Amino acid sequence: MLAWIGLALPLSVHAARQPVVLVVGDSLSAGYGVAVDSTWVALLQKRLAAQGYGYRVVNASISGDTTGGARARLPRALELHEPGIVILELGGNDGLRGLPLRQVRENFEFLIERSQAAGAQVVLVGMRMPPNYGSAYADGFHALYGELASRYKTPLVGFFLEGVALDEKLMQPDGIHPTAAAQPRLLDNLWPALSPILKK
């Protein structure tokens, strides 16, 4: 389900002038199984406001989305929202489906290059695969994020689910999606990569 956070129609003149943080992600950002106002994206909007940042957060995340799906819809989102920052929280579904790393890399390259060409700074959010996918694939998958961040000089979140994935109290019964209680930790994991590029 598509969730748009901080977007009111019609936009006020003030909102139209606010710089945009565009979140392009999957269920971890769409808030699968979590109330919309409890997601880490909603908490991000609240933190930005509380700390005096004038950003408006737009959540263009879809549960189940892949880098390929995001590739198809990113150009329109960039045109529509003209973001100053793009947070790419993607890849988990690609990995769970065992998609070739070369394909995932090419999709990420497109997403990053198109965002940067539109004048946005990119924050890349890293993921890991369970060890049962084989060490070669799992290690290569995780390394991909660091390689891309280094190549394109983007801030990197090493592992978005750090401190969450192995804690049963913070994961829903499916073992894939974080609970509402985990959302503040997700935001805290992201914040060190995002905060240095924010402008008041």
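For this structure, a couple of remarks:
- Of all residues in segment 146-186 being of a type in the set (S, T, N, Q) and in contact with a Leu (Cβ under 9 Å, 6 or more places away or on another chain), the one that is farthest from E106 (Cα to Cα): T179
- Put simply, of L194, L161, L186 the only residue that is in a loop (DSSP other than H, G, I, E, B), crowded, with 17+ Cβ neighbours inside 10 Å and modelled with pLDDT of 95 or more is L161.
- When restricted to residues that are under 18 Å from A70 (Cα atoms) and among the polar types (S, T, N, Q), segment 115-153 contains 3.
- Filtered by the rule that a residue be buried (at least 24 other Cβ atoms within 10 Å of the Cβ) and either within 15 Å of H81 (Cβ to Cβ) or of a type in the set (S, T, Y) (or both), segment 14-31 gives V21, L22, V23, V24, G25, S29.
- Going through (1) part of a helix (DSSP H, G or I); (2) closer than 23 Å to Q51 by Cβ; (3) within 14 Å of the chain's Cα centre (by Cα) one by one, F108 falls short only on (2).
- Leading residue by the ranking (nearest to M129 (Cα to Cα)) among those in segment 75-95 that are surrounded by fewer than 24 Cβ atoms within 10 Å (Cβ to Cβ) and without any contact (Cβ under 8 Å) to a residue 60 or more places away in the chain: G95
- Of the residues making up segment 61-73, at least one is under 27 Å from G163 (Cα atoms), touching a residue at least 60 places away in the same chain (Cβ under 8 Å) and touching a Leu at 6+ places or on another chain (Cβ under 7 Å).
- Residues of segment 32-41 that are touching a residue at least 40 places away in the same chain (Cβ under 8 Å) and surrounded by 18 or more Cβ atoms within 10 Å (Cβ to Cβ): Y32, V34, T39, W40.
- Filter result for R128 (surrounded by 15 or more Cβ atoms within 10 Å (Cβ to Cβ), out of contact with any Lys or Arg (no Cβ under 8 Å at 6 or more places or on another chain) and not in a helix (DSSP H, G or I)): yes
- Any hit, segment 137-151, residues being more than 16 Å from the chain's Cα centre (by Cα) and part of a loop (DSSP other than H, G, I, E, B): no
- Among the conditions (1) in a loop (DSSP other than H, G, I, E, B); (2) within 20 Å of G175 (Cα to Cα); (3) of a type outside the set (V, I, T), the only one that G119 does not satisfy is (2).
- Applying a threshold of 7 Å to beta carbon distances and a minimum spacing of six or more residues, or different chains, the list of pairs starting in segment 135-150 at a residue that is modelled with pLDDT of 95 or more and ending at one that is of a type in the set (F, W, Y) and part of a helix (DSSP H, G or I) reads L148/F108.
- Pick from segment 106-122, criterion aliphatic (A, V, I, L, M) and in contact (Cβ under 8 Å) with a residue 24 or more places away in the chain, ranking: surrounded by the most Cβ atoms within 10 Å (Cβ to Cβ): V122
- Scanning segment 59-73 for residues that are surrounded by 22 or more Cβ atoms within 10 Å (Cβ to Cβ) and either in contact with a Phe, Trp or Tyr (Cβ under 8 Å, 6 or more places away or on another chain) or part of a helix (DSSP H, G or I) (or both) gives N59, A60, T67, A70.
The values are calculated or read from the model by the stated rules, or taken from the named source; none is laboratory data. Given the structure is predicted, the values throughout are model-derived calculations rather than measurements. Neighbour counts are summed over all protein chains in view; Cβ atoms, including those assigned to glycine, are modelled from backbone coordinates with ideal geometry.
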